[in-house]
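Below is one structure, written out as structure tokens, with a few remarks after it.
Nothing in this text is a laboratory measurement; each read-out follows from the coordinates by a stated rule. This structure is a prediction, so every number in the text was calculated from the model and none was measured. In this analysis, Cβ positions are derived from the backbone assuming ideal geometry, glycine residues included, and neighbour counts consider all displayed protein chains.
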Amino acid sequence: MDWIQAFLGVFQPQVFLYLVIGVVSGALIGTLPGLTATMGVAVLTPISFWLKPECGFAMLIGVYNSAIWSGGISAILINTPGTPASIASTFDGYKLTQKGFSALALNINTIYSVLGGLLSSLCLIFFAFPLARFALKFGPAEYAVLALFGLTMMVSVSGSSPVKGLLVGFLGLLFSTVGLDSIQAYKRYTLNNPALLDGLNFVPMMIGLFGIGEILYQIYTSEAKETSMVAEVKGAKQFLTLKEFGRLAPANAMATIISVIVGAIPGAGGDIASIISWGQAKRMSKHPEEYGEGSLEGLSVSCIANNAVIGGAMTTMLSLGIPGDAVTAILIGSLMMYGMTPGPQLFIENRPFVLTLIAQLIVANLVILIFGLTTNRIYPKILKIKKTTLWVVVAMCCIVGAYAINNSYVDIITMALAGVFGFILRVMDFPQGPFILGMLLGKLLESNLRRALSLTMGSYSIFFTSPICIVLLTISVLSLVWPAIKKRLKKRAV
Amino acid sequence: MSKAGLLFVSACIAVALLFMIPAFKFPGGTVDGTPGPGYFPILVSSVILFLSAILFVQYLRDNKKYFQQNETQKKNLPKLLITAGAILLYTILFMVIPFIPLTLVFMVFLNWLFGRTWRFNIIFSVIFTGVIYYVFNNLLHVML
């Protein structure tokens with residue numbers, strides 16, 4: 001009965017309208033190289049605060065799913081992934097375009113992305129509730145270690161060196177201490193400014209880091225003359241046959257499982273999932289030589305993997321309050337702005353909203369299916385939009401969006417400074433994600449760490465007696481030292 | 001030796017100290033063992049100092065030079081600095097100048113900076129400023 005109400009809620013005219021707006025905006029954002037799903041969700045988040053939670057989240061869920069799907073469009077048509085998650089779609093997608101099968105490739109992208117999204121939504125339904133029930137057993141010590149685990153996992157998979165990732169993550173933790181402390185309500189680093197009593201606002205920081213920071217980086221690195229991106233959609237064959245669909249099924253089932261697991265790991269996003277899945281499918285394939293040469297299996301696997309990550313990422317986000325990737329980190333911030341705290345309590349206090357979110361995820365994929373299969377011919381035109389136009393549009397959306405959150409000038413200046421900081425991080429090859437994660441997890445980590453210590457009169461033994469803590473701490477330490485061990489092993493092998 | 005790297009790490013050290021030193025003056029913990037408000041900032045700052053020290057040594061040994069610009073980046077540097085400056089200036093003037101004239105000037109300036117034709121520039125700036133104003137001011141009721 002609850003589920004029926006949740007689905008009916010999504011089809012309320014206002015909610016459905018915002019879902020469609022989200023899907024269309026996401027399609028535009030994802031198709032254009034340089035605009036990522038993270039940036040899209042970050043820029044549209046302030047607008048969502050002016051809507052009812054179910055409408056705001058319908059829009060954000062629409063953007064998230066749609067941008068990941070549509071990232072594959074430019075990967076297929078012009079060999080440039082629209083979002084990082086679509087990188088593996090260039091391997092076979094562009095080859096199919098070169099062979100004159102771009103229409104087929106685009107439809108494969110749509111159908112398999114939607115399939116990935118739907119299958120991972122099922123995983124979300126089956127695993128989020130038991131995981132949340134399990135997490136209800138967590139005490140302050142477990143929560144503190146869980147927050148640390150989330151941070152270290154994101155650092156370890158952030159691509160850069162773990163030391164750099166950790167440094168940025170801990171800077172985020174440090175900035176999260178601004179404002180009243182959670183236990184004694186003591187003012188910290190507020191500079192006597194009442195606007196800082198609640199701490200630094202997370203959303204303008206995030207808009208600056210991922211929006212303005214990215215634009216500045218693109219201005220700095222892009223070529224003076226933009227080469228026009230010529231793309232056309234053609235090919236007599238539009239869809240796979242049922243026989244082909246069946247032949248591709250085992251590899252896609254494997255890719256879905258891999259991607260849901262990868263999505264659930266904090267920090268490991270669609271790019272990692274699709275590359276792992278593509279590589280694994282190639283190893284399993286009877287015709288590995290076709291991979292990278294326009295293989296239908298290769299393209300379908302990379303497309304299903306992108307969107308299957310979302311269900312995994314949403315599972316840990318909703319049930320544990322730990323984001324699976326940068327977008328879910330932003331969604332956690334949005335939930336908090338609506339007065340909801342992600343984690344097991346969300347399933348008790350706001351169960352109808354959790355069900356609505358999952359229903360929105362499923363309906364968003366169905367909207368993408370219809371929208372994607374009917375709009376193939378538009379994308380070559382979208383790809384002609386100049387980058388300079390996008391820079392101006394995104395910059396304006398960032399500035400006005402940051403102001404719109406609280407009608408606060410402090411927020412705009414925070415956003416602008418965060419943008420410059422984001423640019424410096426990009427140029428210096430430091431990951432930006434851990435900073436946001438540090439800011440998000442800071443309060444959770446600090447309050448639970450201090451509460452846990454109060455239970456044992458200040459003794460740290462509590463972190464080494466709980467089995468959950470021991471397991472999480474072991475994985476955290478291993479994830480941090482593993483890159484160094486791997487490097488040494490490689491050196492020895494040479 | 002990477003000078004930019006050393007500069008960045010030094011800035012991290014300065015930030016850590018800026019948070020750490022006042023934290024020593026925060027109230028202490030309670031009798032039941034709950035650490036005081038200074039505990040977490042000191043702990044985190046200490047880790048930052050430790051990580052910064054590691055990176056500092058790495059950068060001293062490192063031959064890779066960050067900010068070693070290629071030709072494109074050299075050419076784009078003035079544009080980057082002007083854009084960053086324009087954004088910062090816009091955010092400051094946002095408090096004193098009404099939204100529509102300020103945004104119009106800002107957009108015309110950016111479009112000019114990015115080499116768009118005057119015709120496109122004017123039409124785009126007027127329409128987009130109007131759309132942003134309408135969406136935020138009229139639909140979302142943000143006081144611009």
The Rg/Rh figure for the range B:1-114, Cα atoms and Kirkwood Rh, to two decimals is 1.19
Relative contact order of the range A:1-92 (C-alpha contacts under 8 Å, at least 6 apart) in percent is 32
Mean other chain Cβ within 10 Å across A:275-287 is 0
Quick note, the range B:76-144: a/c under 1.5 would make it rounded; otherwise a/b > b/c is prolate and the rest oblate (a ≥ b ≥ c, C-alpha gyration tensor); here it is oblate
Check: C-alpha center the range A:88-162 vs C-alpha center the range A:243-303, spacing in Å is 13
Checked the range A:1-81 against the a/c 1.5 cut and the a/b vs b/c comparison, axes a ≥ b ≥ c from its Cα gyration tensor; verdict prolate
Simple SL model, points at 7 angstrom along Cα→Cβ for A:Gln280 and B:Ala14; separation in nm is 4.7
Quotient of Cα radius of gyration and Kirkwood radius for the range A:310-366, i.e. Rg/Rh, equals 0.94
Rounded to the nearest 10, the angle in degrees between the Cα long axis of helix A:89-98 and the longest principal axis of the Cα atoms of chain A comes to 20
Exposed GluC sites (Glu not before Pro) being those in a DSSP loop with at most 16 other Cβ atoms within 10 Å, the longest stretch of chain A free of them is A:1-222
The range A:6-138 -> Rg/Rh from Cα coords, Kirkwood Rh, value 1.05
Extend 7 Å from the Cα of B:Ala4 along its Cα-to-C-beta direction; within the range B:95-115, residues with backbone N under 18 Å of that point are none
Here the alpha-carbon Rg of chain A over 2.2 N^0.38 Å rounds to 0.95
Within the range A:452-492, DSSP-loop chymotrypsin sites (Phe, Trp or Tyr not before Pro) with at most 13 other C-beta atoms within 10 Å are none
For chain A, longest principal axis from Cα atoms; helix A:53-78 axis from its Cα atoms; angle between them, nearest 10 degrees, is 40
Label model pair A:Phe239, B:Ile97: point-to-point distance (7 angstrom along the Cα→beta-carbon line) in nm is 5.6
Shape call for the range A:187-331, from the Cα gyration tensor axes a ≥ b ≥ c (a/c under 1.5 means rounded, otherwise prolate when a/b beats b/c, else oblate), comes out oblate
With Cα coordinates, the longest principal axis of chain B makes an angle with the long axis of helix B:3-23, in degrees rounded to 10, of 70
FRET efficiency (B:Phe24, A:Met336; Cβ distance; R0 35 Å; to 0.05) is 0.70
In nm, the gap between the two label points placed 7 Å beyond Cα toward Cβ at A:Leu417 and B:Arg119 is 4.5
The range A:255-349: spread of alpha-carbon positions along the three principal axes, whole Å, largest first, is 52, 18, 16
Using the Kirkwood radius over Cα pairs of the range A:327-449, the Stokes-Einstein translational diffusion coefficient at 20 °C and 1.002 mPa s, in µm²/s and rounded to a whole number, is 118
Scoring chain A by relative contact order with C-alpha pairs under 8 Å, at least six apart, yields a percentage of 28
On the formula 1/(1 + (r/R0)^6), with r taken between the Cβ atoms of A:Ile475 and B:Trp112 and R0 of 51 Å, the FRET efficiency rounded to 0.05 is 0.45
Here the relative contact order (percent) of the range A:259-390, from C-alpha pairs under 8 Å and at least 6 apart, is 23
